[in-house]
Every structure is written in C-alpha cells, then in structure tokens.
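Asker: Below is the structure I would like to discuss, written out as structure tokens.
The values are calculated or read from the model by the stated rules, or taken from the named source; none is laboratory data. This one's a predicted model, so the numbers in the text were calculated from it and none came from an experiment. Note that each Cβ is placed from the backbone with ideal geometry, even for glycine, and that neighbours are counted across all protein chains shown. SASA here: full protein model, heavy atoms, side chains in, ligands and nucleic acids out. Shrake-Rupley method; radii C 1.70, N 1.55, O 1.52, S 1.80 Å.
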Amino acid sequence: MSTATNSSDALVHPDAILDALDPEQRDVALALAGPVCVLAGAGTGKTRAITHRIAYGVRSGAYKPTSVLAVTFTARAAGEMRTRLRDLGVAGVQARTFHAAALRQLGYFWPRVVGGAPPRILEHKAPAVAEAARRVGVSVDRVAVRDLSSEVEWAKVSLVTAEDYVRAAAADDRPAPSGYDHQTVARLITAYEDVKTERGVIDFEDVLLMLADMLNSHRQVADEVRSQYRHFVVDEYQDVSPLQQFLLDQWLGGRKELCVVGDPSQTIYSFTGATPHYLLDFTRTYTDAQVVRLVRDYRSTPQVVHLANQVLRRGRVPGALELVAQRPPGPPASFTTYDDDDAEATGIAARAGRLIASGVRPSEIAVLYRTNAQSAAFESALADAGISYLVRGGERFFQRKEVRDAIVLLRGAARSADPDQPMPEQVRDVLTSAGWSEQPPAARGATRERWEAMQALVGLADDVAAAAPEDTPATMATLVGELEERASAQHAPTVEGVTLASLHAAKGLEWDAVFLAGVSEGLMPISLAETDEAVAEERRLLYVGVTRAREHLELSFARSRNPGGRATRKRTRFLDGLWPDDPSSRGRTRTARGQARERLTGEHDVALFDALREWRLSVAREIDKPAFTVLGDATLAAIAELKPTSVAQLARVNGVGPAKIDRYGQTILAIVADANG
C-alpha cells in the first residue's frame, strides 16, 4: 500500500486520493452512494479508508463538503478525522462525536422550537442521583452513587423508561447495581428525572433524546437538517446504542446515504448500552447494502495477527474477520507464567527496561490489564526500576479517594496500635470500618473497583508483615511508612513513560510493545462474567488487547497473589491450545535447540493412554520413583494422540528427550503398535 503524503496539494486530484489506497480501501472510497457497510478489522486502516472516501467524494464532485456529517465516539477520533481530511485538502466536512453534533443542532433549534436559551447541561450525574436516592429513602455512599449513575445512563441510552426498567433489566440479565433491587432503581430513575426538571438542567443523554424527538415531531426542523446533511458516516458502528441509532434514523429520515464502519469482534462496551446488533443486521435493514471487508492488517506482525485470529476462531465469534498480516515477520509472542503478582510486575518491568535499552521508546510500550486496581503493582515495579510511566483511563493508585482515605485511617490507627495484635489483623479491622470485606462484593463497577483497591492495601500489609524479621515484627507504623515511601516514589508521569491502562481504556490505541498481564481465570474472563454473552465479550476484550501490539507481545499471569501463596490460579481458557506446552495446542513448534515439537488437539486415544499409564506405573515401581519422573501425564496424552510409529516421530513429542528415548523408546513404540492392532 502506498503511503499518503501530508501535502494537501499532492492529493487534491481524485486519482491521487485513490492511488494512496489498497484494493479494498479503494472499494470503500469508490462506494460513494449508500448504503455501505465497511467491516474493518483491527489495524486495517479504516480511518484512512473513510476519510479518503469523503475526500474522493468531495474532489470528484459527488459531495458538497458541508453536506457530509461524520460521527464517531470520542473527541480524539473526531479530531483525527478532521486532521486527515484537512491533509487531503478537504475543508467544511463536519466530523464530530454524536454528542457534539447533537448539542450543536439542539442549541441552534431550541430558541425557535421551545423558546429562550437551552437548559444547562448537567456535567455530572452524581449530585442529582444522590438527591434522587434521598427522595426515595435510599442510603448511598460515593461508590453507590457512581454505580447508580451508570445504571441511569444505561437505561437512558437503551431507551428504557422507569416504567420499563424492571422488565428490561431482567431481560438483559443485569445485576442490581451496588446491591439495590431493580424496583428501587426504577423509583430512583423517576426521582432523578424530577430532580433535573426542578433544577432546569438536562444530562448528555437528554441532548440526543431531545434532538431526536425534535426532529421526529417538528417537520420543518427535520427538513432543514436533512437538507443540510445528505451523506452520513458512522465510525465504530459496533458501539452504537439504541438512543444513538434512534437519532441517526431521524437524521436520515428514511434515506440510505449512510456509510457505517465497524468490527463486531471489538464490541466491548455492552455494559454501557452499546450493541453490535445494528452492524450485524445492517444487510437485513438495507438489503441493497454494499459490503466491503478490510482484512489487510498494517499494524501488527504476522505473529501478533496469527494469535489474534486464533483467539477469535476458538471462540467462534459471530462476524469475526480473518486478518491478513502485511508487515514483515517479527518476534514470536511470548507467554510467561510467574509465581505471584509481585514477580509478574517485577518481571514485566525488567522486560520493559530491556526493550527501552534496545531502543524502544517508553511511550511505545504499554502494560494492559483487566481492572484498574491491578495498576498498583505495575506502578510500584516500574518506579522501583526507574522507568517513568503514565496511567491512562483511571486515577493513579495513590490518588484514588478510597486509597487516600484508607491511608488517613491507617495513619491514625498507627498512633494507638495494639502492639500485641498482628499488624495485618489491625489493617483488616481498620479497613473493615471503611467498607472492606473478606469476600469481594457481588456488585460490579465502582463498588468492585473500590474493594479491589482496598484489597490491594490488605495484600500489601500481608507482604510487609511476611518480609519483616521474626524478632522485629512489622507494625502499623511500618506499613504507613511503606505506603508513604511508595506514594512519594511515583512521580508525575512524563510523555516518554510506559503506558499503564485497562483493556477498555486501550481501545483505539496501539504500541510497539504490549504486555498483557493477568491473563488468568477470574480476571480474563472477569469473575463477574457469569453469562455466555458476558464471557464472549471478555474474549473480544482479549482480542482487542492482542491487536494493540505492533511488534512485541507478551502475555503473562501469576499462579498466586502473594509470594509463597498457594498456586491456585489457572491461565485463561481463551488461550487453550495457544499457550506453549498446552496439550491442546495444534501444529508444531520448536524447542530452543530447534527440535520440532508437535502441538495437539487434546483428543487422545483413551485406551492407549491407559495402557501407557499402566506401563509407567510398573516402571516407577521397578526404579522406586514417583510415576511422573518417568513421563508426565501430558506427555502420555500426547503419545496417545499422535501414536508415533518411529523414533523420529516419538522425538517430536514434548517431554520425550534423547535419554527417555534411549531408555523407553522401543517399549513405548511397541505399546503404540499393539494399540493400533
């Protein structure tokens, strides 16, 4: 694919615009009449394709620049579209977020339709939700207000009224936020709307809803908007909500001049009301739609692309695109199992340091994780390694209010601590008074995040106590000193820092090197993902994480939370058959010495496996050693699946080295031959 120039003069001619595209992107640019559905995989140049489509439409005379409205979901994405269009010599196209476009139109028509100035926008729902909770007799704290605010927002973007909330929440299998039953939430939604009305304010969802209603009920307003905007482009269409689709329908007014771009495999915001339904059903809604698939991945190496494809293929993700890598080969993706969380954080920091030493810029490295509470260990490890970092999509651990409040309580408790009570017990007593509990809450969202942050403090207390000498047990003062030292060591991030981000916050971004940390059951998928739909979304979230990497990709998890703890964690099911040494891996790999090793499906001959186990048991008895020292179960299962008929084939089985072949090779081949009849 040729590279676009930044010179607007070089691309003003329509042919020059098309010459900058690959064949599929060119098909997008040439599809000037809607409806058009662009299914664009990660790293396939979708923004390039749609901005060149708009530019080609303008330069060829098919579009007036002011007749095009391109909408997306973030101000950053909208800004990037405007910049690219400007570089292509096209001015006058409106590229905005849904809310920005709607707010502009609502402000313009409000004086004419309603009269006076538009209502003030409620910047934050929390105060109004807190007042609504008081009115319905519900006791709430800051975290509950956040969770209830999110639920109010979900209801509004899903076009669910207070009267329909109980039924809709049950149909969607939504957990009750912060433990409040659905009937209570329904009453709170009604009270919230009353509070806004009394205060003369509207929220951001009202902006979309009021504009859509205005267009739907006032023909003159609708005609004026529809005469202005004749061509619509919607980016990230897999993330559209029912409310956004309702507004889009009003903008269109039954017309078909619509180009949507999306990837169902990157649907990761269902909990906010986003749904891939409209993208997946686009060709049913518009039976004459032209569909273009962008599958050439220009972002990632073949090794990264292969893993991404496998993650989706093994989950049978509906509408998944098979990416085709366009970059030269790079290093293989690496998979590391650590003993505990601290070891994982330290190991990743060390690997990041080596990458930086090799010439990779810190800003081109990211550590991605499932929950914001996981950032604390990586913040500490990077700080200890002298590597600058920045936290994206969430507050730094020691800046979170619950953490700061907890430290204040711990500092106070240190002044009157009982010297005879173990420090970890004292910490648990203090944090229990602040809302911590031994078991994680069933509620999701902010409630769960607060618990995880406080749980991290509990874990730190255990670690500090375990590290203290026996003759000088750790005290509350010791812990407070450790906390203060850690907080002060984490200086303000610089531009050239390693990015720490949750997988959700990483959407739309990319780095040269990505560390996917904590890929274990309970985190990936998250323990709160209890339905098939929720687990499927967790798989898509892992896919998003994998596809953020351009060249270096490392996946890891820790078997235990604390050093010396029980190794009870298991790596995520999403990597079954993909993690090295997994018996269900397919194909062949190679050892460090270059020896070919077979990867397997996990479907072995049970009778042969049993025969091999009986033989192994007899050998173990003869040499008076444990059976696993002869050959492990995974190795026996591999033999029972592959059924080798020669020494060369047997040597490809993982776990069978030259010494094992010399000692047991002919006997194993004879057992296999007997099983084969």
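Asker: Please go through segment 69-103 and pick out each residue that is among the acidic types (Asp, Glu) and either under 23 Å from Gln220 (Cα atoms) or without any contact (Cβ under 8 Å) to a residue 40 or more places away in the chain (or both).
Answerer: Of everything in segment 69-103, just one residue is among the acidic types (Asp, Glu) and either under 23 Å from Gln220 (Cα atoms) or without any contact (Cβ under 8 Å) to a residue 40 or more places away in the chain (or both), namely Glu80.
Asker: Among the residues of segment 338-346, is any under 30 Å from Asp263 (Cβ atoms) and among the hydroxyl-bearing types (Ser, Thr, Tyr)?
Answerer: No, segment 338-346 has no match at all.
Asker: Where residues in segment 51-66 are polar (S, T, N, Q) and open to solvent by 10 Å² or more (accessible area, probe 1.4 Å), which of them is farthest from Ala33 (Cα to Cα)?
Answerer: It comes out as Thr66.
Asker: Identify all residues within segment 512-559 that are at pLDDT 90 or above, among the hydroxyl-bearing types (Ser, Thr, Tyr) and under 24 Å from Asp342 (Cα atoms); write none if there are none.
Answerer: Ser520, Ser556
Asker: Sticking with this one: Of everything in segment 193-228, what is within 22 Å of Glu163 (Cβ to Cβ) and not hydrophobic (A, V, I, L, M, F, W, C)? Give them in sequence order.
Answerer: Within segment 193-228, Glu193, Asp194, Lys196, Thr197, Glu198, Asp203, Glu205, Asp206, Asp213, Asn216, Ser217 qualify.
Asker: If you don't mind, another one. Given Ala453, Ala461, Ala534, which one is of a type in the set (Gly, Ala, Ser), within 27 Å of the chain's Cα centre (by Cα) and either assigned to a strand (DSSP E or B) or surrounded by 18 or more Cβ atoms within 10 Å (Cβ to Cβ) (or both)?
Answerer: None of the others qualify; the one that does is Ala453.
Asker: Here is a check on your reading of the model: is Ala78 at negative phi, at pLDDT 90 or above and of a type in the set (Gly, Ala, Ser)?
Answerer: For Ala78, the condition - at negative phi, at pLDDT 90 or above and of a type in the set (Gly, Ala, Ser) - is not met.
Asker: Considering (1) in a loop (DSSP other than H, G, I, E, B); (2) crowded, with 20+ Cβ neighbours inside 10 Å, say which one Lys256 fails and leave the rest.
Answerer: That leaves (2) as the condition not met.
Asker: Where the second residue is open to solvent by 50 Å² or more (accessible area, probe 1.4 Å) and part of a loop (DSSP other than H, G, I, E, B) and the first is at pLDDT 85 or above and lies in segment 634-648, which pairs have Cβ atoms under 6 Å and are six or more apart or on separate chains?
Answerer: Cβ pairs passing all conditions: Ala640/His604.
Asker: Cβ-Cβ below 8 Å, separation at least six or inter-chain, first residue in segment 410-438 and at pLDDT 90 or above, second open to solvent by less than 50 Å² (accessible area, probe 1.4 Å) and among the aromatic types (Phe, Trp, Tyr): which pairs?
Answerer: Arg428/Trp436
Asker: Here's something else I'd like to know. Take the residues in segment 380-399 that are polar (S, T, N, Q) and buried (at least 16 other Cβ atoms within 10 Å of the Cβ); name whichever of them is modelled with the lowest pLDDT.
Answerer: The qualifying residue modelled with the lowest pLDDT is Ser388.
Asker: Listed residues Arg597, Arg590, Arg616, Arg569; which is closer than 30 Å to Leu541 by Cβ and either modelled with pLDDT of 85 or more or open to solvent by 20 Å² or more (accessible area, probe 1.4 Å) (or both)?
Answerer: Arg569
Asker: Please note which helices (runs of 4 or more DSSP H) are completely contained in segment 84-185 and include at least 1 residues that are crowded, with 17+ Cβ neighbours inside 10 Å and touching a Leu at 6+ places or on another chain (Cβ under 6 Å).
Answerer: 98-113, 126-135, 142-157
Asker: Residue under question is Arg48, and the condition is that it be in contact with a Cys (Cβ under 8 Å, 6 or more places away or on another chain), assigned to a helix (DSSP H, G or I) and either surrounded by 24 or more Cβ atoms within 10 Å (Cβ to Cβ) or charged (D, E, K, R) (or both); does it hold?
Answerer: So Arg48 does not fit the description; no.
Table: residues versus (1) crowded, with 19+ Cβ neighbours inside 10 Å; (2) more than 17 Å from Leu553 (Cβ to Cβ); (3) among the hydroxyl-bearing types (Ser, Thr, Tyr).
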{"site": "Glu364", "(1), (2), (3)": "yes, no, no"}
{"site": "Ala376", "(1), (2), (3)": "yes, yes, no"}
{"site": "Lys401", "(1), (2), (3)": "no, yes, no"}
{"site": "Arg404", "(1), (2), (3)": "no, yes, no"}
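Asker: For segment 286-330, which residues satisfy the criterion of being among the polar types (S, T, N, Q) and in a strand (DSSP E or B)?
Answerer: The answer is Gln290, and nothing else.
Asker: Exactly one of (1) farther than 30 Å from Leu321 by Cβ; (2) in contact with a Leu (Cβ under 9 Å, 6 or more places away or on another chain); (3) open to solvent by 10 Å² or more (accessible area, probe 1.4 Å) is unmet by Pro242. Its number?
Answerer: (1)
Asker: Then there's this: Pairs only if they're at least six apart or on different chains, beta carbon under 8 angstrom, first in segment 104-117 and at pLDDT below 90, second of a type in the set (D, E, K, R); list them, first residue then second.
Answerer: That search, which allows pairs on different chains as well, returns nothing.
Asker: For Val292, all conditions in the list (1) over 30 Å from Arg561 (Cα atoms); (2) open to solvent by less than 30 Å² (accessible area, probe 1.4 Å); (3) within 19 Å of the chain's Cα centre (by Cα) hold save one; what is the number of the exception?
Answerer: For Val292, the failing item is (3).
Asker: Pull up segment 295-319, narrow it to residues that are free of Cβ contacts under 8 Å to residues at least 60 places away in the same chain and surrounded by fewer than 20 Cβ atoms within 10 Å (Cβ to Cβ), then point me to the one that is farthest from Thr44 (Cα to Cα).
Answerer: Among residues in segment 295-319 that are free of Cβ contacts under 8 Å to residues at least 60 places away in the same chain and surrounded by fewer than 20 Cβ atoms within 10 Å (Cβ to Cβ), the one farthest from Thr44 (Cα to Cα) is Arg316.
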